[in-house]
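*Asks:* Let me give you the structure first, and then I'll get to my questions.
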Amino acid sequence: MHIGVAYADKFKHTWLNLDVPDGSTVREAIEHSGLLRQYPDIDLDIQRVGIFGKLSKLDAKVNDGDRVEIYRPITVDPETVERRDR
């Protein structure tokens with residue numbers, strides 16, 4: 001089945017299209033993508049993941065066409081950051 005896996009750090013955005021076996025989980029898709037080797041700072045025990053912007057568990061099954069996303073931890077409290085003028 002065809003899926004996408006996406007991750008972005010401060011400097012680089014990566015979106016990979018790949019084939020995974022039917023019945024694969026989110027964790028298996030991420031491991032199959034190679035992103036854990038490319039971005040050694042990813043910690044799936046801490047960071048959240050999702051499918052098409054909706055939070056998901058690592059053991060959730062992926063479907064054909066899904067985009068699995070790995071989210072970076074929030075590093076700044078949005079309540080304390082001054083609003084930028086646009």
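*Asks:* Among the residues of the stretch 1-30, which ones are closer than 23 Å to Asp41 by Cβ and of a type in the set (Gly, Ala, Ser)?
*Replies:* Gly4, Ala6, Ala8, Ala29
*Asks:* Can you give me the number of residues within the stretch 4-26 that are surrounded by 16 or more Cβ atoms within 10 Å (Cβ to Cβ), within 26 Å of Ile74 (Cβ to Cβ) and either without any contact (Cβ under 8 Å) to a residue 40 or more places away in the chain or touching a helix residue (DSSP H, G or I) at 6+ places or on another chain (Cβ under 7 Å) (or both)?
*Replies:* Pass one, the stretch 4-26, residues surrounded by 16 or more Cβ atoms within 10 Å (Cβ to Cβ): 4-7, 16, 20, 24-26.
From the residues that got through so far, the ones that are within 26 Å of Ile74 (Cβ to Cβ) too are 4-7, 16, 25-26.
In the following step, the residues that additionally are either without any contact (Cβ under 8 Å) to a residue 40 or more places away in the chain or touching a helix residue (DSSP H, G or I) at 6+ places or on another chain (Cβ under 7 Å) (or both) were identified as 5, 7, 16, 25.
Qualifying residue count for the region: 4.
*Asks:* Can you pull out every residue in the stretch 1-32 that is within 11 Å of the chain's Cα centre (by Cα), closer than 11 Å to Asp66 by Cα and not in a strand (DSSP E or B)?
*Replies:* The answer is Val26, Ala29.
None of the figures in this text is laboratory data; all of them are computed from the coordinates on show. Quick caveat, the model's predicted, so the values are computed rather than measured. Positions of Cβ are backbone-derived with ideal geometry, glycine not excepted, and every protein chain shown enters the neighbour counts.
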